[in-house]
Structures are given as C-alpha cells and as structure tokens.
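Undergrad: My structure is below; once you've seen it, I'll send some questions.
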Amino acid sequence: MAFAGAIAALSFGLLALSVILDVLGRNLGLLSWPWLNEVTEYLITVGTFAGAPWVLHHNGHVNVDVLLRVVSKDTASAMIKICFVVGIVVSLGLTWLAVATLLDSYNAGSLVFKTLVFPEWYLMLPVIWCFGLCGLEFLSKLLQAGETV
C-alpha cells in the first residue's frame, strides 16, 4: 500500500509541476507543450486510481457511522462485516470488468488517437490496480474484523 500511495503522490506532484511549468512557459513565450493537457488527464487518473487503495488502507475514506452508533455492538460489527463483503464483491466485479475491457481492447488493437497515440488497453491498468488492491484491502479488513470479535 505504501507503493500505491507513493505512485499517487508522484502523479499529483508531477501534475502540479507540469501545470506550473506550462503556465510559466506559455506566459513567458518560451515553450508550448500541446500534449500536456492529455498527460495531466492521465496523471489525474493514475493518481486517483493508485491512491484509492492507500486511502482505504489508512481509513481515510468517508465513513457515515451514524447508524452504527445507535445499534448494539454486535449489530454494528455485523453491519461492518457486511460492508466489507460488499466492498470485496464490488471491487472484484469492477476488476473483472476492467480485465475483460482490457482484453477486448488488446484483441481489437484499439488505439487512443489524440495528440499522443497509444494502445487503449493501457487505460485499464490503473483501474485493475485500484480495484484489485481495494478488494484485497476489504478482504484484509474483513479478516481482521473477524479476529477482534
């Protein structure tokens, strides 16, 4: 998970640096990078999808626990475990769909044609990474919840 967080931090750091350099370069008339808008889109995507498992691992996601406070401890524990199971199912389902999309794109030889041209299946790699790791993290949390009850 530290590697996922590092990838996200690096992506967002490069995003900030590239925007600053682009604004300075264009305003000073020194340079123009027509491909930079695309690169920033991909950096946002990579940073978001790489960072999601890290955030989940560190419990940095939004928790709405109002209901958990008004039910018994056993009921709250069961509800949390159900949420972990739902997280596993959704994450693995999205991972499976992303893998299927990647394979379809790869087999079709689809390309992204913008300023940069590259195989379309590359765009599914961060999605597979994200939801695969999120599924594993939900499984880890479920197993840890079973140990504490």
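Undergrad: Consider T40 carefully, then state whether it is part of a helix (DSSP H, G or I), closer than 27 Å to L10 by Cα, open to solvent by less than 60 Å² (accessible area, probe 1.4 Å) and touching an Asp or Glu at 6+ places or on another chain (Cβ under 9 Å).
TA: Numbers: part of a helix (DSSP H, G or I): yes; closer than 27 Å to L10 by Cα: yes; open to solvent by less than 60 Å² (accessible area, probe 1.4 Å): yes; touching an Asp or Glu at 6+ places or on another chain (Cβ under 9 Å): yes.
For T40, the condition - part of a helix (DSSP H, G or I), closer than 27 Å to L10 by Cα, open to solvent by less than 60 Å² (accessible area, probe 1.4 Å) and touching an Asp or Glu at 6+ places or on another chain (Cβ under 9 Å) - is met.
Undergrad: Okay, moving on. Would you pick out the residues in the range 1-37 that are among the small types (G, A, S), touching a helix residue (DSSP H, G or I) at 6+ places or on another chain (Cβ under 7 Å) and assigned to a helix (DSSP H, G or I)? Step through it out loud before you land on a result.
TA: Initial filter on the range 1-37 (among the small types (G, A, S)): 2, 4-6, 8-9, 11, 13, 16, 18, 25, 29, 32.
So of that shortlist, the ones also touching a helix residue (DSSP H, G or I) at 6+ places or on another chain (Cβ under 7 Å) come out as 4-5, 8, 11, 18, 32.
Of everything in the range 1-37, those that are among the small types (G, A, S), touching a helix residue (DSSP H, G or I) at 6+ places or on another chain (Cβ under 7 Å) and assigned to a helix (DSSP H, G or I) turn out to be A4, G5, A8, S11, S18.
Undergrad: Scan (1) open to solvent by less than 80 Å² (accessible area, probe 1.4 Å); (2) modelled with pLDDT under 95; (3) closer than 20 Å to G5 by Cβ for the single condition N59 breaks and write down its number.
TA: For N59, the failing item is (1).
Undergrad: Name the residue that is farthest from the chain's Cα centre (by Cα), counting only residues in the range 11-36 that are open to solvent by 50 Å² or more (accessible area, probe 1.4 Å) and within 29 Å of T95 (Cβ to Cβ).
TA: Restricting to residues being open to solvent by 50 Å² or more (accessible area, probe 1.4 Å) and within 29 Å of T95 (Cβ to Cβ), the top hit is L14.
Undergrad: Of the residues A100, A76, A108, which is out of contact with any Lys or Arg (no Cβ under 9 Å at 6 or more places or on another chain) and open to solvent by less than 40 Å² (accessible area, probe 1.4 Å)? Give the derivation first.
TA: Values: A76 fails: out of contact with any Lys or Arg (no Cβ under 9 Å at 6 or more places or on another chain); A108 fails: open to solvent by less than 40 Å² (accessible area, probe 1.4 Å).
Checking each option against the conditions leaves just A100.
Undergrad: Now a separate question. Going through the range 125-140 one residue at a time, which ones are of a type in the set (A, V, I, L, M, F, W, C), surrounded by fewer than 21 Cβ atoms within 10 Å (Cβ to Cβ) and in contact with a Ser or Thr (Cβ under 7 Å, 6 or more places away or on another chain)? Write out each step before concluding.
TA: Looking only at the range 125-140, we keep the residues that are of a type in the set (A, V, I, L, M, F, W, C), and these are 125, 127-131, 133-134, 136, 138-139.
Adding the requirement that they be surrounded by fewer than 21 Cβ atoms within 10 Å (Cβ to Cβ) leaves 125, 127-129, 136, 139.
Once the filter is applied, which keeps residues that are of a type in the set (A, V, I, L, M, F, W, C), surrounded by fewer than 21 Cβ atoms within 10 Å (Cβ to Cβ) and in contact with a Ser or Thr (Cβ under 7 Å, 6 or more places away or on another chain), the range 125-140 yields only I128.
Undergrad: Would you pick out the residues in the range 43-70 that are more than 12 Å from the chain's Cα centre (by Cα) and either outside any helix (DSSP H, G or I) or touching a residue at least 40 places away in the same chain (Cβ under 8 Å) (or both)?
TA: First pass over the range 43-70, keeping only residues more than 12 Å from the chain's Cα centre (by Cα): 57-70.
Once the filter is applied, which keeps residues that are more than 12 Å from the chain's Cα centre (by Cα) and either outside any helix (DSSP H, G or I) or touching a residue at least 40 places away in the same chain (Cβ under 8 Å) (or both), the range 43-70 yields H57, H58, N59, G60, H61, V62, N63, V64, D65.
The values are calculated or read from the model by the stated rules, or taken from the named source; none is laboratory data. Please read all numbers here as calculations on a predicted model, not as lab measurements. Neighbour counts run over all protein chains shown; Cβ positions are idealised from the backbone, glycine included. We work out accessible area using only protein heavy atoms, side chains counted, and drop any ligands, DNA or RNA first. Shrake-Rupley method; radii C 1.70, N 1.55, O 1.52, S 1.80 Å.
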